[in-house]
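In what follows, a single structure is set out as structure tokens and then discussed.
The values are calculated or read from the model by the stated rules, or taken from the named source; none is laboratory data. The shown structure was predicted, so the numbers you read here are calculated from the model rather than taken from an experiment. Using ideal geometry, Cβ is built from the backbone for each residue, glycine included, and neighbour counts are taken over all protein chains shown. In case anyone asks, the SASA skips ligands and DNA or RNA and just uses the protein heavy atoms, side chains included. Shrake-Rupley method; radii C 1.70, N 1.55, O 1.52, S 1.80 Å.
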Amino acid sequence: MLETANIRMDWHRLLYPMITKVTQCVCAIKPIVTKCSEQQYCQMLNFSHNNHDGLVGRFLRLLSFVTIIELQPFVDFILTKQEILQLFMSSEASFKHHHSYKVGLFEHSIEVAEMTYQNAKHLGHSDVECQTALIAALFHDIGKIYPALNMNNQKYCAGPHESYAFALLSKPLGELGTLNSRIFSMLTELLAAKPYGHKTRYAIEHVLKQADRSSAESNYAKIKFNTLPSHYYFTKVNGNMMYRLNSSS
């Protein structure tokens, strides 16, 4: 009996720390505060091909980070403009380069927004800069859906998507311009096309640009290796060698 009691005590000592940690983790989980209704959520799952519920959750989480009142019109805009949201969630990001598949634009936009926001936070940018950069990153390529929306062209069509983005975002941009001219100035600068030799006015522009490039180049490399066996660690792209490392390397 004494041995049994000792065994029970040993199990208690082993399990108690584990149960405590699990409880702490569960208590640390925070709900995503969103204006999205259950009906809208179901619609978004339908908009994203093959029910990419993970992407939808990440998208709503990003929107929940936007707490500055002046930026709320952009959250309301994307959640209420059903036709725009559907195209944003189902379109390609490019013709043959990165994220060149259905839902690619949505995936790329989320990746850029996540990296931009988190990197800006880690680098100590203010809340207003982090949230403004998040909005800019999330919608930096939304102009790519303009041909499908206004020109009856359902296939990816190259064009001045930065200019198209201003056309699509005219309503929330107009509201922002009347509410806060400084945030408006930063956001429009981040969204605008950059001519050769452009000198950045905002340090956070570098954070966004690096996130955009990282998402694009990482996805491009994955696409190039997609059709190759897992043990292949190099391939040739446009005459240049591209390498990778994986668990079997």
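Of all residues in region 64-84, at least one satisfies being within 23 Å of Glu189 (Cα to Cα) and without any contact (Cβ under 8 Å) to a residue 12 or more places away in the chain. Number of residues in region 212-224 that are over 17 Å from Lys96 (Cβ atoms) and surrounded by 14 or more Cβ atoms within 10 Å (Cβ to Cβ): the value is 2. Just wondering, is there one or more residues in region 121-143 that are within 16 Å of His108 (Cα to Cα), among the hydroxyl-bearing types (Ser, Thr, Tyr) and in contact with a helix residue (DSSP H, G or I) (Cβ under 7 Å, 6 or more places away or on another chain)? No, region 121-143 has no match at all.
Within region 225-238, the only residue that satisfies the criterion of being within 18 Å of His98 (Cα to Cα), over 28 Å from the mean Cα position of the chain (by Cα) and part of a loop (DSSP other than H, G, I, E, B) is Asn238.
Can you find a residue in region 133-147 that is in a helix (DSSP H, G or I) and either polar (S, T, N, Q) or surrounded by fewer than 18 Cβ atoms within 10 Å (Cβ to Cβ) (or both)? No; the residues of region 133-147 include none that is in a helix (DSSP H, G or I) and either polar (S, T, N, Q) or surrounded by fewer than 18 Cβ atoms within 10 Å (Cβ to Cβ) (or both). When region 78-89 is filtered for residues that are over 17 Å from Ala113 (Cα atoms), touching a helix residue (DSSP H, G or I) at 6+ places or on another chain (Cβ under 8 Å) and of a type outside the set (D, E, K, R), the ones remaining, listed by number, are Gln82, Ile84, Gln86, Leu87. Residues of region 194-211 that are open to solvent by 50 Å² or more (accessible area, probe 1.4 Å) and either in contact (Cβ under 8 Å) with a residue 24 or more places away in the chain or of a type outside the set (Ser, Thr, Tyr) (or both): Lys194, Pro195, Gly197, His198, Lys199, Arg201, Ala203, His206, Lys209, Gln210. Screening the candidates Ser37, Ser94, Ser64 for the property of being under 17 Å from the mean Cα position of the chain (by Cα), modelled with pLDDT under 90 and either open to solvent by 30 Å² or more (accessible area, probe 1.4 Å) or under 30 Å from Thr132 (Cβ atoms) (or both) yields one hit, Ser94. Of the listed requirements (1) farther than 22 Å from Asn219 by Cβ; (2) in contact with a Phe, Trp or Tyr (Cβ under 8 Å, 6 or more places away or on another chain), Ser100 misses just one: (1).
Here Gly177, Gly143 are screened, and the one residue that is over 21 Å from the mean Cα position of the chain (by Cα) and of a type in the set (Gly, Ala, Ser) is Gly177. Look at (1) under 21 Å from Gln82 (Cα atoms); (2) open to solvent by less than 40 Å² (accessible area, probe 1.4 Å); (3) not hydroxyl-bearing (Ser, Thr, Tyr) and you find that Ala167 fails only one, number (2). The set of residues from region 72-110 being in a helix (DSSP H, G or I) and aromatic (Phe, Trp, Tyr) comprises Phe74, Phe77, Phe88, Phe106.
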